[in-house]
Amino acid sequence: MARHLISRGSAALLAVLLAAGTVAAAPYPTRTVEIVVPYGAGGSTDLTARMLAQRLQDRLGQTFVVINRPGASGSIGVMSVVRAEPDGYTLLMSYATETVVVPQMAKPPKYTIDDFEPIAVTGEVPLVLVTSKSIAANTLGELIAAIRRAPGKYTYGGSVGSPSHLSGAWFNRLQHLDVQHIPYKGGAQAMGDVSGGHLDMFYPGLAAAKAAYDAGAVKALAQTGARRSAAFPNVPTFAEAGIADFELSSWTMMLAPKGTPAEIVVVLKQEVARALDNPQMRKLLNEQGIEPPPPMDVRDFLVRENEKFGRLVRETGIAMTP
């Protein structure tokens, strides 16, 4: 009888262990995964999201679809992910603006970086200062001199809280300039206006500026980053042009809602890293002015960037309009 009970108990224990193993090894994904981009189609965030969606779909065998939810400086799309079920089937492809800038401008913030599980930095996006062709200056030094001769005359554009907005405000502060900020709903409109001569200056990501620059529609005077991008080899960095403390390169990042199961986060981290290491994808990103990121601790990076952009928000005094 004792042996029989032990045998039955062992069988029951084995069944429990097998069931637990089955749960732990449950496949992911088993249905469509949405990647929310808080902008319209066409920018560097959207471009990176679509490249990654295709590679994740090929690797994991389920559809990864990009959903564009623009508005409110990106916060509409972000909040849809914050409120989503943390099950790995709603992800965010985010830009620096809505990830670490807008939350520090809003009082009180609707969300913070603690509302997310960071998956990967998916691209570093240097910024470039472009000007209208009607601006006589051909170098950064000449532009600064022209602005100082006519305070308040010149304009720069960018959506509120964007790296473009912060860059212009920081440039004003560093050089004691008076260039007026013109708010835009998105970078494409600002890029069109500077190309058409309706806006004097803009600080887009390299990807957004490349087509207009290659076509000769704008001048490019300086770019952020420690070295020149392969997409803009003839444009000096701000440091080369004599402006220190202008390390405002932006980035894109994939995040999941806080509470997403650890095993799903691990799968996503592994597969996104594999996709970003693919030579063809790295080449496509480079051609668009998006730099594939080096290996890093993503959460540490996010905390550092949150602190850096928080400092810029405080020192420039920019805020969300009521």
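Every number here is computed from the coordinates shown, using simple stated rules; none is lab data. None of the values given here were measured: they were computed from a predicted structure. Note that we place each Cβ from the backbone using ideal geometry, even for glycine, and neighbour counts take in every protein chain shown.
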May I ask you to list the lysines whose Cα is less than 22 Å away from that of Lys283, ignoring any residue fewer than eight positions away on the same chain? Lys210, Lys269
Provide the net charge surrounding Phe116, with neighbours chosen by a C-beta distance below 12 Å and charges set as Lys +1, Arg +1, Asp -1, Glu -1. -2
Residues with beta-carbon under 10 Å from that of Pro257, excluding Pro257: net charge, scoring Lys, Arg +1 and Asp, Glu -1? -2
Starting from the amide H of Thr237, placed 1.01 Å from N in the peptide plane, find each other amide H under 5 Å away whose residue is 5 or more places distant or on another chain. Gln223
First check a/c for the range 140-260, with a ≥ b ≥ c the square roots of the eigenvalues of its C-alpha gyration tensor; if it is under 1.5, answer rounded, and if not, answer prolate when a/b is larger than b/c or oblate otherwise. rounded
In debye to the nearest 20, how big a dipole does the chain give about its Cα centre with +1 on each Lys and Arg Cβ and -1 on each Asp and Glu Cβ? 220
Size of electric dipole in the range 45-172: Cβ of Lys, Arg +1 and of Asp, Glu -1, about Cα centre, debye, nearest 20: 640
Residues whose placed amide H lies under 5 Å from that of Asn278, excluding near-sequence neighbours: none
Where is the GNM fluctuation largest for the chain (alpha-carbon springs, 10 angstrom cutoff): Ala41, Ala146, Ala215? Ala215
In Å, the Kirkwood hydrodynamic radius of the range 230-304 over pairs of distinct alpha carbons? 15.1
Cα-based equivalent ellipsoid, the range 39-143: semi-axes from gyration tensor eigenvalues, Å: 31, 20, 12
Counting only residues 5 or more apart in sequence or on a different chain, those whose built amide H sits under 5 Å from that of His181 are Tyr156
Once a ≥ b ≥ c are taken as the square roots of the eigenvalues of the Cα gyration tensor of the range 134-205, is the result rounded (a/c under 1.5), prolate (a/b larger than b/c) or oblate (a/b not larger than b/c)? oblate
If packing is taken as the average count of other Cβ atoms within 10 Å, what order do 27-40, 297-310 fall into, highest mean first? 27-40, 297-310
Contour minus Cα-Cα distance for Ala230 and Arg274 (0.36 nm per residue): 13.6 nm
Computed [θ] at 222 nm, deg cm²/dmol, the chain (DSSP H ≥ 4; -39,500 (n - 2.57); rounded to nearest 500): -13000 deg cm²/dmol
Rounded, prolate or oblate (a/c below 1.5 giving rounded, otherwise prolate when a/b exceeds b/c) for the chain by Cα gyration tensor: prolate
Would you tally the net charge around Gly61, using a Cβ to Cβ cut-off of less than 13 Å, leaving Gly61 out, and scoring K and R as +1, D and E as -1? +1
FRET efficiency (Asn138, Glu85; Cβ distance; R0 51 Å; to 0.05) is 0.45
